[in-house]
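The values are calculated or read from the model by the stated rules, or taken from the named source; none is laboratory data. Since this is a predicted model, take the numbers as computed values, not measurements. Here the Cβ positions follow ideal geometry from the backbone for every residue, glycine too, while neighbour counts run over all protein chains shown. Note: accessible area is taken over every heavy atom of the protein model, side chains too, but ligands, DNA and RNA are not part of it. Shrake-Rupley method; radii C 1.70, N 1.55, O 1.52, S 1.80 Å.
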Amino acid sequence: MEFLVRTENLLPPDTPDETRAQMRAGERDRATQLRADGVLKRLWRVPGRNATIGLYEADDPAALHEALTSLPMWKYMDVSVEALATHPQERAAAG
């Protein structure tokens, strides 16, 4: 299944710079691993916000939840998920 995942980082503003840098590095490392595993397909920044939009692929919603909760900043994120279904026009174009 494919999922459109919108996240906004809500890390508290008083987080020490060193902690913030460590968390960002951990986030990059984990996202790289999710890409290598084929879970994270695409990732976009939202200009002007500390937010991203990602295209994820997972066997089911539980597997996606597991991937998202493995992100170091998970507890500081506002997350919304939309499950995606193939549109009939896409099926016709592929067939």
Quiz item: Just one of 30, 42, 6, 49 is in contact (Cβ under 8 Å) with a residue 12 or more places away in the chain, open to solvent by 40 Å² or more (accessible area, probe 1.4 Å) and part of a helix (DSSP H, G or I); which is it?
Solution: 30
Quiz item: Does the range 9-25 contain any residue that is open to solvent by less than 90 Å² (accessible area, probe 1.4 Å), on the phi < 0 side of the Ramachandran plot, touching a Phe, Trp or Tyr at 6+ places or on another chain (Cβ under 7 Å) and touching a residue at least 40 places away in the same chain (Cβ under 8 Å)?
Solution: yes
Quiz item: List, please: which pairs have Cβ atoms under 7 Å, are six or more places apart or on different chains, and start with a residue in the range 54-71 that is of a type outside the set (Asp, Glu) and end with one that is open to solvent by less than 60 Å² (accessible area, probe 1.4 Å) and assigned to a loop (DSSP other than H, G, I, E, B)?
Solution: 56/39; 58/39; 64/58; 67/39; 67/58
